[in-house]
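Beneath this line is the structure, given in structure tokens, with notes to follow.
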Amino acid sequence: MMKKEKWIVAPKDEDRIRLLQQDLGISHLAASVLAARGIGSAGEAQAFMDSDWHHLHDPYLIADMDKAVEILEDAIQKGERIAIYGDYDVDGITATSIMIRYLKSRGADCRYYIPDRINEGYGLNEAAITGLKDDGCTLLVTVDSGITAVEEIAHARRLGIRVIITDHHECAEVLPKADAVVNPRRADSAYPFRELAGVGVAFKLVCAMEKDRPIQELLDEYVDVVALGTIADVMPVIGENRIIITEGLKRLRHTENLGLRTLMQKLGLESKPLTANSVSFVLAPRINAAGRMGEADCTARLMLTADPQEAFELAEYLCDLNRRRQEEENAVYEQIIGEIEKNPALASGKIMVLWGDGWHTGVIGIVSSRLADRYGMPCVLISMSGDCGKGSGRSIKGFNLYEALGECSDLLERYGGHELAGGLSVSRENLEALRTRLEACAERCAMEEPLEPCLNIDCVIDPRDLTIDSVKSLSVLEPFGMCNPMPLFVLTGATIEEVTPISHDRHVKLLFSKNGHSFYGFVFGMGARSCPFVAGDEADLVFSAEINYFRGRESVQLVVKDIRWSEGPARCDAHAQSIFHRFVAGEDISGDEARYLCPCRDDLVAAFRHVRANQSGGMLCGMPQTIYRRIKYESKCCMNQGRFLICMDIFKEFDIFDYELVGDNIAIRDLLYKGKVDINGSRILKKLMEVIKG
């Protein structure tokens, strides 16, 4: 099954593009992207791309910042033991590390606590707070958490612990009764930028503590780590975040953080251009892996160590944890894909709700995201252990997963999240009811507005636009991320010359050609086995473009975000399928249409051999368009989609194969027929021949 995404291409304004190109001295391609994003003048473009550190805001504009500074200074002077309570993701770990580094630089008695994702879950818990009290801690500073922990903060106060909350998540109507609540999202905060990451808020606390030091010194000391957490937490790359990321990337390549530098060397990042994209997809996953596997403390130790040997060992261990995370993730993903291929109905509704025994709870969120992206629908996966299930879901624009879970609250032990992601706990007896209820929610939502993922595309381009210099010129728009995504382009009518599996068939590399230009494109998360396209197909594709550096040579490569058959082939498929459906419904078709549908003996032999050779476990599932094309190219026969379906009907007539159309897919079951049949005795063939003869 292929996801169906709506392609929204920005209107092209050549006058605006020329103006931006001239006034800014940038390439036509970069100017086209700015124009597509509503930038109409050089002034607007410069404001959009502003990354001047002079424009960072005064940290004291955040509510309670003055209280937090006063409390921290008092605790440091009195020699109190301070606990930093963090989180297990990259944002939480980076925030923890900069607070510990800063407090130690001030000679403070401090330690940190990061909850275990698997056994404790997100946020503060009373048992951990009690343990910190028993350890002598009298001041608790939360980072990237705490804003909704009303009961837990009250527990800390009862134990005599002072509490400073630093967080960036949305605030509830009632704030915890902490000694200071530092969050730019507070309704009463005068801070002009609400989109800081948790590590960004922690950094602002450091800046407030060091108000007399030049901001450049603080950036030199901390901003590489702040940028890492901001990028990893997928915060909007606008305003202060754009400044933080830009400044952080400059320093990250030469970071003085020993553990971070060691990990980057291990990953080979020190010899490549460092971008927000490489941080997101290469560096951050290794750091996140520890939290997902229940060992977030390893990452905190890496970020804080001053011992080269320990840094090397921890970097090695993090990479090993990431490999284990990938293995767990891929095992769950492949299991689910295999089940869907055998039973396409699992992915034929408006939402996918699946469960399995023993799925690793640290990876099901990533797998949910991969499945939601692949099939273009919300996905909820639930890992069962006995009668208890822990679930994680990812949604698509237009379907509020948090609200849908709220409608199922009577079936759930607990739930939480936001519009596009959620977590839940559920008992085994309620699984089927939960699936039914969520499907009803999605069906109702789809009636109001189709649940269709959208791709916002900057422009349609000619292959001549994809030069190395033009693609490099897009760097003026960096850093990319939320609210400033990597530019997306459309190329129409490209011929697929090669289909090559890579990374053990987890991904596929396609060679495209058009008008004498050739490019390699990569479709991640789609292996050759599940790729619906074959060599010779004509396709339209949406992609981002990047420069590949290999053995001293540069080339343009495409990262394909979506791909579909071009308009001409797609129209032919729809026409053939329409004739087929009219014929099987008993409607009149013309002699030419019957001739178009009617298979010869070679067509039937080719179809039979293909199904027998490619079935697995007695089943072959896929899109009819894909299967008939493979038969056509393998056998050099004149197969079309309607004729292929007629072949399947003839095989069904003789109990050779059975099949079912499920959504966009066909599920063919091999009935293991042995012996020979007289195809000329087919009622279907006789009926077609009668129409042909008139």
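The values are calculated or read from the model by the stated rules, or taken from the named source; none is laboratory data. Just so we're clear, the structure is a prediction, and the values are computed from it rather than from any experiment. Using ideal geometry, Cβ is built from the backbone for each residue, glycine included, and neighbour counts are taken over all protein chains shown.
Across region 288-313, the qualifying residues are those that are at pLDDT 90 or above and closer than 28 Å to Tyr549 by Cβ, and the one among them that is surrounded by the fewest Cβ atoms within 10 Å (Cβ to Cβ) is Phe312. Scanning region 203-229 for residues that are under 17 Å from Asp52 (Cα atoms) and outside any helix (DSSP H, G or I) yields one hit, Pro214. Only one of the listed residues (Ala539, Ala570, Ala545) is without any contact (Cβ under 8 Å) to a residue 60 or more places away in the chain, under 23 Å from Ile8 (Cβ atoms) and touching a Pro at 6+ places or on another chain (Cβ under 9 Å). That residue is Ala539. Looking only at residues of region 645-663 that are part of a helix (DSSP H, G or I) and without any contact (Cβ under 8 Å) to a residue 40 or more places away in the chain, we find that the one that is nearest to the chain's Cα centre (by Cα) is Lys652. One residue stands out among those in region 216-252 that are among the acidic types (Asp, Glu) and more than 22 Å from the chain's Cα centre (by Cα): the one that is surrounded by the fewest Cβ atoms within 10 Å (Cβ to Cβ), which is Glu217.
Quick check on region 155-202: of everything there that is outside any strand (DSSP E or B) and of a type in the set (Val, Ile, Thr), which residue is modelled with the lowest pLDDT? Only one residue fits best here, namely Val174. Here Leu451 fulfils each of the conditions (1) hydrophobic (A, V, I, L, M, F, W, C); (2) outside any loop (DSSP other than H, G, I, E, B); (3) within 19 Å of Asp373 (Cα to Cα) apart from (2). With respect to the conditions (1) under 21 Å from Ser97 (Cβ atoms); (2) at pLDDT 95 or above, Tyr122 lacks only one, and its number is (2). State whether the residues of region 105-124 include one that is in a helix (DSSP H, G or I) and either under 24 Å from Ala172 (Cβ atoms) or free of Cβ contacts under 8 Å to residues at least 40 places away in the same chain (or both). So far as region 105-124 goes, yes, one or more of its residues are in a helix (DSSP H, G or I) and either under 24 Å from Ala172 (Cβ atoms) or free of Cβ contacts under 8 Å to residues at least 40 places away in the same chain (or both).
Could you tell me whether any residue of region 513-527 is part of a loop (DSSP other than H, G, I, E, B) and buried (at least 17 other Cβ atoms within 10 Å of the Cβ)? Scanning region 513-527, I find at least one residue that is part of a loop (DSSP other than H, G, I, E, B) and buried (at least 17 other Cβ atoms within 10 Å of the Cβ), so the answer is yes. Only a single criterion out of (1) more than 23 Å from Arg683 (Cβ to Cβ); (2) surrounded by fewer than 20 Cβ atoms within 10 Å (Cβ to Cβ) is not satisfied by Ala585, namely (1). Is there a residue being over 28 Å from Asn330 (Cβ atoms), over 25 Å from the mean Cα position of the chain (by Cα), hydrophobic (A, V, I, L, M, F, W, C) and in the same structural domain as Met526 (by TED's automatic domain parsing) anywhere in region 481-497? Yes, region 481-497 contains at least one residue that is over 28 Å from Asn330 (Cβ atoms), over 25 Å from the mean Cα position of the chain (by Cα), hydrophobic (A, V, I, L, M, F, W, C) and in the same structural domain as Met526 (by TED's automatic domain parsing).
Could you list, in sequence order, all residues of region 171-198 that are in contact with a His (Cβ under 9 Å, 6 or more places away or on another chain) and of a type outside the set (S, T, N, Q)?
Kept after step one, since they are in contact with a His (Cβ under 9 Å, 6 or more places away or on another chain), are these residues of region 171-198: 183-185, 191-198.
The answer is Pro184, Arg185, Tyr191, Pro192, Phe193, Arg194, Glu195, Leu196, Ala197, Gly198.
Taken across region 473-482, residues that are assigned to a strand (DSSP E or B) and either closer than 29 Å to Ile627 by Cα or of a type in the set (D, E, K, R) (or both) do not occur at all. Residues in region 597-648 that are more than 26 Å from Lys674 (Cβ to Cβ) and charged (D, E, K, R) were compared, and the one that is surrounded by the most Cβ atoms within 10 Å (Cβ to Cβ) is Arg629.
The C-beta contact set for region 424-443 (first residue closer than 11 Å to Glu407 by Cα, second residue among the small types (Gly, Ala, Ser), distance under 7 angstrom, 6+ apart or interchain) comprises Leu438/Ala404; Cys441/Ala404.
The number of residues in region 371-414 being within 12 Å of the chain's Cα centre (by Cα), of a type in the set (Lys, Arg) and at pLDDT below 90 comes to 1. Scan region 609-624 and give yes if some residue there is in contact (Cβ under 8 Å) with a residue 60 or more places away in the chain and β-branched (Val, Ile, Thr), otherwise no. The answer is no, given that none of the residues of region 609-624 is in contact (Cβ under 8 Å) with a residue 60 or more places away in the chain and β-branched (Val, Ile, Thr). Which of the following residues is in contact with a Cys (Cβ under 6 Å, 6 or more places away or on another chain) and not basic (Lys, Arg): Ile129, Ile147? Among Ile129, Ile147, only Ile147 is in contact with a Cys (Cβ under 6 Å, 6 or more places away or on another chain) and not basic (Lys, Arg). With respect to the conditions (1) under 34 Å from the mean Cα position of the chain (by Cα); (2) of a type in the set (Ser, Thr, Tyr); (3) exposed (fewer than 14 other Cβ atoms within 10 Å of the Cβ), Ser32 lacks only one, and its number is (3).
Cys137 meets each of the listed conditions (1) under 16 Å from Ile82 (Cβ atoms); (2) touching a helix residue (DSSP H, G or I) at 6+ places or on another chain (Cβ under 6 Å) apart from (2).
For every residue, the table says whether it meets (1) assigned to a loop (DSSP other than H, G, I, E, B); (2) touching a Pro at 6+ places or on another chain (Cβ under 8 Å); (3) within 22 Å of Gly259 (Cα to Cα); (4) in the same structural domain as Glu170 (by TED's automatic domain parsing).
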position	(1), (2), (3), (4)
Ala45	no, no, no, no
Ala63	yes, no, no, yes
Gly92	no, no, yes, yes
Ser97	no, no, yes, yes
Arg101	no, no, yes, yes
Ala127	no, no, no, yes
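Working only within region 399-416, note down all residues that are crowded, with 18+ Cβ neighbours inside 10 Å and within 18 Å of Val234 (Cβ to Cβ). Matches in region 399-416: Leu401 only.
Got at least one residue in region 598-618 being under 25 Å from Leu346 (Cβ atoms), in contact with an Asp or Glu (Cβ under 6 Å, 6 or more places away or on another chain) and among the aliphatic types (A, V, I, L, M)? No, the conditions are met nowhere in region 598-618.
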